[in-house]
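The values are calculated or read from the model by the stated rules, or taken from the named source; none is laboratory data. Source: prediction; values computed, not measured. As a convention, Cβ positions derive from the backbone with ideal geometry for all residues, glycine included, and neighbour counts pool all protein chains shown.
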Amino acid sequence: MQTEAPSSVPSSEAPFEREALEKLHEGRERLLGELRRVIIGQDEVVEQLIIVIFSGSHALITGAPGLAKTLLIRSLARLLDLRFRRIQFTPDLMPSDITGTEIIDENRSTGHRELRFIEGPVFTNILLADEINRTPPKTQAALLEAMEEKQVTIAGEIRPLARPFHVLATQNPIELEGTYPLPEAQLDRFMFNILIDYLSEDEELDVATRTTAGDLPKLEPVFTGEDLENFSRLIRCVPLAEPVGRYAVQLVQASRPDNPAAPEFIRDWTSWGAGTRASQNLILAAKARALLSGRFNVSFADIRAVAPPVLRHRVLTNFRAEADRVSVEDLIARLLETVREPQSGLS
């Protein structure tokens, strides 16, 4: 992330926008600095997660056990002064274990009985859905309404969730037995699929040394939930040039094998491409990246930078791709090479 001050701020911005912009600029480096006290390496993962949170969206984090996914999310919740809850998904987990349930409560003095609602862990700001692919689709679907509408419906009554609300789900790509792959409709609700990989030798040595020498540093909040709501609104005010938006849409449309503009390799190796929500998330994530980089305009480079985490869980490969050992990452890289930027003079 760059450190220069935001440029080209519209003169017509509302007072809350200027205040939020100044606070974002002042606090972003402090936020990253605090995170680096407990998280070693993984700079790209941290940047992508911050983009998701500041955009008001959700993320799926894919990685092997022991890579500090929970520590990263808990630390971020602490720095943002948000309530944090964790659900360990298991095959016997029920939807009511997530959303909550009604119980019969008896007043011992009067003997009167009434229904009382007990909130589930979804009533929080940041919900860590740990190993979400270890629970059946019925329970996975309990999060759909919460993710899309920021509410849950229980016994016919709509109950709003806290604001801001983010679902950060993890899944283990190694173990396949006893898992339930997420339906495409649910995968599409996640802005990013963030890949977290092993550390380098020096970084792993640093982690092993720090974590065996004493307690982890105590983190102090940098932003608040109200700040995040303001940042989310501010991100949507970032200007988008028509050629840049068109480039994002062309990338998404080129991922669909039945689209006339799709390259030959897409038709050969994919069974399904990304939908309209991918175009929306590409543009929104690019706006967030631009603002966090100190710019009040979106570039083609911003679109390219966020394309892999936006597309990797929305493009489905077929059996031919598996036989040819072609991965989704390969297809996205070729898409970025194939789809040309509209000629506009923008960089």
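Could you check, for region 107-115, whether at least one of its residues is surrounded by 12 or more Cβ atoms within 10 Å (Cβ to Cβ), assigned by TED's automatic domain parsing to the domain that holds Glu44 and at negative phi?
Looking for residues that are surrounded by 12 or more Cβ atoms within 10 Å (Cβ to Cβ), assigned by TED's automatic domain parsing to the domain that holds Glu44 and at negative phi, one finds none in region 107-115, hence no.
Might you let me know whether region 278-298 holds any residue that is surrounded by fewer than 20 Cβ atoms within 10 Å (Cβ to Cβ) and free of Cβ contacts under 8 Å to residues at least 24 places away in the same chain?
Looking through region 278-298, at least one residue is surrounded by fewer than 20 Cβ atoms within 10 Å (Cβ to Cβ) and free of Cβ contacts under 8 Å to residues at least 24 places away in the same chain.
Give the residues of region 203-224 that are touching a residue at least 40 places away in the same chain (Cβ under 8 Å) and among the β-branched types (Val, Ile, Thr), sorted by residue number.
Val207, Val222, Thr224
Which one of these does Leu79 not meet: (1) within 30 Å of Glu29 (Cβ to Cβ); (2) modelled with pLDDT of 90 or more; (3) surrounded by fewer than 18 Cβ atoms within 10 Å (Cβ to Cβ)?
(3)
How do the pairs read when you match residues in region 250-269 that are under 17 Å from Leu336 (Cβ atoms) and in contact (Cβ under 8 Å) with a residue 12 or more places away in the chain with residues anywhere that are of a type in the set (D, E, K, R) and not in a helix (DSSP H, G or I), using Cβ under 6 Å and keeping only pairs 6 or more apart or on different chains?
Final answer for the pair search is none.
Within the bounds of region 228-248, is there any residue that is surrounded by fewer than 21 Cβ atoms within 10 Å (Cβ to Cβ), touching a helix residue (DSSP H, G or I) at 6+ places or on another chain (Cβ under 7 Å), at pLDDT below 95 and not in a loop (DSSP other than H, G, I, E, B)?
Within region 228-248, one or more residues are surrounded by fewer than 21 Cβ atoms within 10 Å (Cβ to Cβ), touching a helix residue (DSSP H, G or I) at 6+ places or on another chain (Cβ under 7 Å), at pLDDT below 95 and not in a loop (DSSP other than H, G, I, E, B).
Return the residues of region 158-202 that are surrounded by fewer than 17 Cβ atoms within 10 Å (Cβ to Cβ), touching a residue at least 24 places away in the same chain (Cβ under 8 Å) and either assigned to a helix (DSSP H, G or I) or of a type in the set (Asp, Glu) (or both); say none if nothing qualifies.
Passing the criteria: Glu184, Ala185, Leu187, Asp197.
Would you confirm, using the coordinates I've provided, whether Ala185 is at pLDDT 90 or above and touching a helix residue (DSSP H, G or I) at 6+ places or on another chain (Cβ under 8 Å)?
When the stated conditions are applied, Ala185 does not pass them.
Give the residues of region 210-227 that are part of a loop (DSSP other than H, G, I, E, B) and more than 25 Å from Ala286 (Cβ to Cβ), sorted by residue number.
Thr212, Ala213, Gly214, Asp215, Leu216, Pro217, Lys218, Leu219, Glu220, Pro221, Thr224
May I ask you to say which residue of Glu13, Glu26, Glu17, Glu102 is charged (D, E, K, R), modelled with pLDDT under 90 and in contact with a strand residue (DSSP E or B) (Cβ under 7 Å, 6 or more places away or on another chain)?
Only one candidate passes the filter, namely Glu102.
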